[in-house]
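These notes are about the structure you will find just below.
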Amino acid sequence: MTPTDFTAPADVLVLQHLVEDGPGYLGQWLDAQGITWHVRCAESGEDYPASVRGYQGLAVLGGAWSANDDRPTLRQAEALILEADALGIPVIGHCLGGQLMARAFGGRVERLPKPEVGWWPITRTDSLAAREWLGEAEQATVYQWHQDNFVELPPGAELLASSSTCAHQAFALRQHLAMQFHIEITPTKIELWMEEPGHAYPVNVLLHRDSVQDPASMNAATLRHQSGSEAMADRIYRVWRSRWPG
């Protein structure tokens, strides 16, 4: 089956907001594991399903929108996140997806003083949950492209990682993981984003050199850090899969 063959059952539902922010390494990993999955893209006009019942896992991708935007599909995503929680289905959120998880579970998303774009280090907390999800290394370099953040975690959530620009990089709540960073990133996704990075990007490169990488620095960092990112993604996705109810 293909990820867009909605007539056949699948293990995983992937919610995609924008055409240019696709599943990336997540899709590659699911295929490599022989896991069946559906992806529905809001910007392409594909309706999100009315329910996540029947799936084993839910993944929510990123996008340039704010989680606080008044868009029906964002509220639909939050409703599916809450339903997944009630059904015991683990949810994993990437960037905007993590922010939607924070909102759905009672946290708060706001704009940070400055953006974070490119490959930047995060520091994990010294907790069992942080080591389980993120690995034994205290620091890792991951890909970022955001200015909003879940500045207030949901009740009961545990902070797993932070960075110098963004205090809340990941949190765990029950069987779920929300990330501010793009662990699904691939060189192809970066190349696509850099073709049309938006009007704010060149300005932010000049204004925030400590948190926004210029294209040359980003490309060099991709060569250094992509393999490490994929290794962390593999671990994260395996932990997520281990919590599927089936």
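For region 29-43, the Karplus equation 6.51 cos²θ - 1.76 cosθ + 1.60, evaluated at θ = phi - 60°, returns couplings of 5, 4, 5, 5, 7, x, 8, 7, 8, 10, 10, 10, 10, 4, 5 Hz by residue, with Gly and Pro reported as x. Averaging Cα coordinates gives a centre for region 58-81 and one for region 101-148; these two points are 18 Å apart. Normalising the Debye intensity of region 1-145 to I(0), with uniform scatterers on Cα atoms only, and taking log10 at q = 0.12, 0.16, 0.17 Å⁻¹ returns -0.53, -0.95, -1.07.
Across region 204-209, computed HN-Hα scalar couplings (Karplus, 6.51 cos²θ - 1.76 cosθ + 1.60, θ = phi - 60°) run 5, 4, 6, 7, 10, 5 Hz from first to last residue, x flagging Gly and Pro.
Neighbour counts of other C-beta atoms within 10 Å: give me MET194, MET179, MET232 arranged from fewest to most.
Details: MET194 12, MET179 26, MET232 21.
Ordered by Cβ neighbours within 10 Å, fewest first: MET194, MET232, MET179.
Counting beta carbons within 10 Å around each of ILE92, ILE236, ILE81 and listing the fewest first gives the order ILE236, ILE81, ILE92. Per-residue Karplus couplings for region 177-182, computed as 6.51 cos²θ - 1.76 cosθ + 1.60 with θ equal to phi - 60°, are listed in order as 9, 10, 10, 7, 8, 9 Hz, Gly and Pro entered as x.
By DSSP, the beta bridges lying fully in region 12-242 are antiparallel in about 55 percent of cases. Tell me which of GLY135, TYR25, ALA231 sits at the most positive position along the dipole axis of the chain, charges placed on C-beta atoms (Lys, Arg +1; Asp, Glu -1). Comparing the listed Cα positions along the dipole, GLY135 ranks first. Where (i) 129; (ii) 188; (iii) 118 are the candidate values, the label of the one calculated here for volume of the Cα convex hull per residue in Å³ is (iii). Any idea which of VAL14, ALA64, ALA200 is furthest toward the positive side of the dipole for the chain, if Lys and Arg beta-carbons carry +1 and Asp and Glu beta-carbons -1? Sorting the options by dipole projection puts first VAL14. Rg and Dmax over the alpha-carbon atoms of region 73-146 stand at 14.3, 37 Å.
Every number here is computed from the coordinates shown, using simple stated rules; none is lab data. From a predicted model like this one, the values you see are computed outputs, not experimental measurements. Reconstructed Cβ throughout: ideal geometry from the backbone, glycine too, with neighbour counts over all protein chains shown.
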